[in-house]
Amino acid sequence: MTTIGDMDEDSLIALFAPRLPRTDAEILGPGDDAAVVAVDGDLVVSCDVLVENRHFRSAWSTGADVGWRAAMQNLADIDAMGAVATSLEVTLCAPSTTPVQWVLDLADGLREACEPHGVGVVGGDLSGADEIVVAVTVLGETHGTEPVTRADAVAGDVIAVSGALGAAKAGFEQLARGERVDEEAVSLFLRPAPRIGAGLEGALHGATAMMDLSDGLTRDASRMARASEVTLEVRSDEVPVHPAALRTARALGLDASEALAWALSGGEDHHMLATFPRASAVPGTWHVVGVVREGDGELLIDGARPRGTGWDHFA
């Protein structure tokens, strides 16, 4: 097995660079000191990081899985602003014992996630490290429209989500327990599949506030409530629970309430959370889950403060 320690940096780049996705926005791509990318409207920028044994485990995830997730969670962040992603900068830090094939698989996963959306990898960096770290910066453009933030929800708005929740957490629970009982849930944990473009759809339908559900509905809705200085009231019986989460709960001998808990606080589904001025403005594929009231930055679920808080990097 050839490892990256058996190769020099330039040879490794020459091996994986042709496998990376390209974008029409690219003026100057990998190979120089910096990339040059064309932008239509305002530039929208976000970044995210995946750390081995913190965000993924090599025993569970292939290099392609990690590449997919690294891309998808960043594309969702741009989509959450009502903008369109165009390109990624990807930095890989890894031990010298990392197989070269893992790096090639990482590039394949990036390509598989990005190509359907016209997004390319335009540059990045390599470094040695004690564990694998994949850091991504994503660039997007607004095409002249105003970005949608999490800070403009107002009393009287309705709250909606763009997809069914809880599947990623259900997949994690299976892997953590060593019981694979529903492959769809496992797949959606290893390779999140939000509908990229739902955020732009929400913006075009008049969303007043929006964000990506990366850390769970309870934590992210709480963030939106604080940023907008309002109270978000969510009705749990309106929250769409993914069928794979329900199947997983049943197969593991758990009550359906556990699947709902995964939908509320599991995270990593990467669907959109948004507020709209009225129910008729909500896109038809979205799900209305509550209303916005006057308040001071509080989330209520069925009239009470939630007990589950969702994912926290330092808790």
Checked pairs for segment 39-58, first under 30 Å from residue 28 (Cβ atoms), second among the polar types (S, T, N, Q), C-beta under 6 Å and 6 or more apart or across chains, list as 41/142; 42/142; 47/137; 48/73; 48/74
How many residues of segment 194-203 are assigned to a helix (DSSP H, G or I) and either free of Cβ contacts under 8 Å to residues at least 60 places away in the same chain or aliphatic (A, V, I, L, M) (or both)? The answer is 3
By residue number, the members of segment 9-37 that are closer than 19 Å to residue 108 by Cβ and in a helix (DSSP H, G or I) are 11, 12, 13, 14, 15, 16, 17, 18, 19
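Would you mind stating whether residue 27 is loosely packed, with under 15 Cβ neighbours inside 10 Å, of a type in the set (Val, Ile, Thr) and not assigned by TED's automatic domain parsing to the domain that holds residue 214? Write out each step before concluding.
On the way: loosely packed, with under 15 Cβ neighbours inside 10 Å: yes; of a type in the set (Val, Ile, Thr): yes; not assigned by TED's automatic domain parsing to the domain that holds residue 214: yes.
In short, yes.
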Across (1) touching a helix residue (DSSP H, G or I) at 6+ places or on another chain (Cβ under 9 Å); (2) part of a helix (DSSP H, G or I), residue 115 clears everything bar (1)
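Out of 299, 260, report the one residue that is in contact with a Pro (Cβ under 8 Å, 6 or more places away or on another chain), modelled with pLDDT of 95 or more and crowded, with 17+ Cβ neighbours inside 10 Å.
299
Can you tell me which residue among 133, 103 is buried (at least 21 other Cβ atoms within 10 Å of the Cβ), within 27 Å of residue 18 (Cβ to Cβ) and touching a residue at least 40 places away in the same chain (Cβ under 8 Å)?
On the way: 133 fails: buried (at least 21 other Cβ atoms within 10 Å of the Cβ).
Just one listed residue meets the conditions, 103.
Can you find a residue that is closer than 28 Å to residue 57 by Cα, surrounded by fewer than 21 Cβ atoms within 10 Å (Cβ to Cβ) and at pLDDT 95 or above anywhere in segment 163-171?
Within segment 163-171, the first condition is being closer than 28 Å to residue 57 by Cα, and the residues that meet it are 163-171.
Applying the additional criterion that residues be surrounded by fewer than 21 Cβ atoms within 10 Å (Cβ to Cβ) yields 163-164.
The next check asks that each one be at pLDDT 95 or above; those that pass are 163-164.
Yes; the residues of segment 163-171 include at least one that is closer than 28 Å to residue 57 by Cα, surrounded by fewer than 21 Cβ atoms within 10 Å (Cβ to Cβ) and at pLDDT 95 or above.
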Those residues of segment 90-112 which are assigned to a helix (DSSP H, G or I) and either of a type in the set (S, T, N, Q) or at pLDDT below 95 (or both) amount to 101
Say whether the condition of being over 27 Å from the mean Cα position of the chain (by Cα) and of a type in the set (Val, Ile, Thr) is met by at least one residue in segment 3-15. yes
Reported set for segment 118-130 where residues are in contact with a helix residue (DSSP H, G or I) (Cβ under 8 Å, 6 or more places away or on another chain), surrounded by 21 or more Cβ atoms within 10 Å (Cβ to Cβ) and aliphatic (A, V, I, L, M) is 119, 121
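Out of curiosity, is residue 248 in contact (Cβ under 8 Å) with a residue 24 or more places away in the chain, farther than 30 Å from residue 108 by Cα and not aliphatic (A, V, I, L, M)? Give the derivation first.
Working: in contact (Cβ under 8 Å) with a residue 24 or more places away in the chain: yes; farther than 30 Å from residue 108 by Cα: no; not aliphatic (A, V, I, L, M): yes.
Answer is no for this residue.
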query: In this structure, does residue 38 turn out to be surrounded by 13 or more Cβ atoms within 10 Å (Cβ to Cβ) and out of contact with any helix residue (DSSP H, G or I) (no Cβ under 6 Å at 6 or more places or on another chain)?
result: no
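Let's see how each residue does on (1) at pLDDT 95 or above; (2) assigned to a loop (DSSP other than H, G, I, E, B):
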site	(1), (2)
39	no, yes
60	yes, yes
65	yes, no
77	yes, no
88	yes, no
Scanning segment 155-186 residue by residue, those in contact with a helix residue (DSSP H, G or I) (Cβ under 7 Å, 6 or more places away or on another chain) and assigned to a helix (DSSP H, G or I) turn out to be 167, 168, 169, 170, 171, 172, 173, 174, 175, 184, 185, 186
With criteria (1) within 23 Å of residue 187 (Cβ to Cβ); (2) free of Cβ contacts under 8 Å to residues at least 40 places away in the same chain, residue 27 comes up short on (1)
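The values are calculated or read from the model by the stated rules, or taken from the named source; none is laboratory data. Owing to the predicted nature of the structure, the values given are computational and were not obtained by experimental measurement. In this analysis, Cβ positions are derived from the backbone assuming ideal geometry, glycine residues included, and neighbour counts consider all displayed protein chains.
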